[in-house]
Amino acid sequence: MKLSSIFAISIFFSSNAQQFGKTHFIVGLEKNKYPKDKQNSSPCKPPEALFSCQDNVQQALIKAINNETKQIEIAIFNFTSKEIAQALLKAKRRGIDILIITDESSAKEKYSKIPLLFNRGIPIYIFQGKSGRMHHKFAIFSDKIWTGSFNFTKSAHTINQENVVIIYETNIKNKYKSQFEKLRNKSGRLKQLPIIEIE
């Protein structure tokens, strides 16, 4: 590599590292420019990474729920968080369409919030795959994907070592939506509690 090129890269790092931060730095990217979304003419926001317990992951999720203006589709294995359930119920009251797919074993768990959400009118689908569990932990918002290892539980929020990635790219969001529909096609809509009738 020529000395002039090395010098140019050095100047770029020193002048832009503070703005981007360690996790958002992209070598060779001009200042204030991110890759454009292939299906959108506007620049795509960089992905974000969160970790519990050092980041307040639960509060970040609640903020995303509170800021949503259209629809939230959730595939979640374990859901026992009262705070996240309350945020979803508030979203439903302001007209946000919400749909949840979960695993039957999780829905029957003693502290599960699935029965509460079902009783308040949120559509719940129970995975009916022939083998394995519905072990996903992701949510589809109108402008982003929330995905990672984070179950909607107190343990995930306060004790466990968990990760979340927030992705804003449209083609990635479309892949998640496609997978969500595949999961729904393998699930039955919950009709009554206790879970003895699934449509």
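The values are calculated or read from the model by the stated rules, or taken from the named source; none is laboratory data. Source: prediction; values computed, not measured. Cβ placement follows ideal geometry from the backbone for every residue including glycine, while neighbour counts extend to all protein chains displayed.
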Worksheet item: Right, Lys191: at pLDDT below 95 and either assigned to a loop (DSSP other than H, G, I, E, B) or touching a helix residue (DSSP H, G or I) at 6+ places or on another chain (Cβ under 7 Å) (or both) or not?
Response: no
Worksheet item: Regarding Thr102, is this residue within 23 Å of the chain's Cα centre (by Cα), modelled with pLDDT of 95 or more, farther than 23 Å from Lys191 by Cβ and polar (S, T, N, Q)?
Response: no
Discussion item. Considering only residues that are surrounded by fewer than 15 Cβ atoms within 10 Å (Cβ to Cβ) and either within 20 Å of the chain's Cα centre (by Cα) or touching a residue at least 60 places away in the same chain (Cβ under 8 Å) (or both), which ones fall in the range 109-122?
Written reply: Asn119
Worksheet, complete the sentence: Considering residues that are of a type outside the set (A, V, I, L, M, F, W, C) and either more than 18 Å from Ile98 (Cβ to Cβ) or in a strand (DSSP E or B) (or both), the number found within the range 114-160 is 18
Worksheet, complete the sentence: In the set Leu99, Leu89, the lone residue that is under 19 Å from Lys173 (Cα atoms) and surrounded by fewer than 19 Cβ atoms within 10 Å (Cβ to Cβ) is Leu99
Practice prompt. Just give me the residues in the range 115-149 being aromatic (Phe, Trp, Tyr) and farther than 20 Å from Leu193 by Cα, in sequence order.
Written response: Phe138, Phe141, Trp146
Worksheet entry | Asn163, sole failed condition from (1) free of Cβ contacts under 8 Å to residues at least 40 places away in the same chain; (2) under 17 Å from Ile76 (Cβ atoms); (3) not in a helix (DSSP H, G or I) | (1)
